[in-house]
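FYI, it's all coordinate maths here, none of it is from the lab. In this text the structure is predicted, and so the values were computed from the model without any measurement. Cβ coordinates were reconstructed from backbone atoms using ideal geometry, including for glycine residues, and neighbour counts include every protein chain displayed.
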Amino acid sequence: MSDKTWVGGIFFKDEGGYEIILKSLNHYKKRLRTIGKSPELKDSAAMFASVLNQEAMKTVPKIDEAIQKIKDCLSDNSPINQLIEDIPFFQKALMCYESDIKKAQDTGHEYFVQLVQLDTARKDIPIIKNAQERINQFSD
């Protein structure tokens, strides 16, 4: 095992980084649950849409597990380092949220605007970018 320390854990727990991660995970879950209404999916073949919906529903329980792990770490029931294995999943949620905010801004499509609550989500873009960088930080 590596002797590196997860500096991102300090950002995550002590600097409130968990807030944007939880917000992104909840957005990701909402996105997956409403994927059938996505304009992107409506443009694809019916067979592809079915497979995508099935995969989305398999991911929702993983999101719930990640949220619970975060809550356990925040309440000091679990060590923060146990979240290291979830960094790629957190990154995926952050990217999904950021992408949907940008789609809402760029297209104005009602689905995306409502999905991200655009009026409040705009301010999250710099916070997301900071989180994407900070949760990946390790020291020697």
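Checked across segment 30-45, the condition of being of a type in the set (A, V, I, L, M) and within 16 Å of Arg134 (Cβ to Cβ) holds for no residue. Only helices (runs of 4 or more DSSP H) whose full extent lies in segment 1-110 are considered here, and the ones with at least 2 residues that are acidic (Asp, Glu) are 46-74, 87-107.
Within segment 21-44, restricting attention to residues that are more than 29 Å from Asn136 (Cα to Cα) and free of Cβ contacts under 8 Å to residues at least 60 places away in the same chain, the residue that is surrounded by the most Cβ atoms within 10 Å (Cβ to Cβ) is Leu41.
Quick grid of which residues meet (1) under 18 Å from Arg31 (Cα atoms); (2) in contact with a helix residue (DSSP H, G or I) (Cβ under 8 Å, 6 or more places away or on another chain); (3) of a type in the set (Ser, Thr, Tyr); (4) surrounded by 15 or more Cβ atoms within 10 Å (Cβ to Cβ):
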| site | (1), (2), (3), (4) |
| --- | --- |
| Asp76 | no, no, no, no |
| Gln82 | no, yes, no, no |
| Glu110 | yes, no, no, no |
| Lys123 | no, no, no, no |
| Ile127 | no, yes, no, yes |
| Asp140 | no, no, no, no |
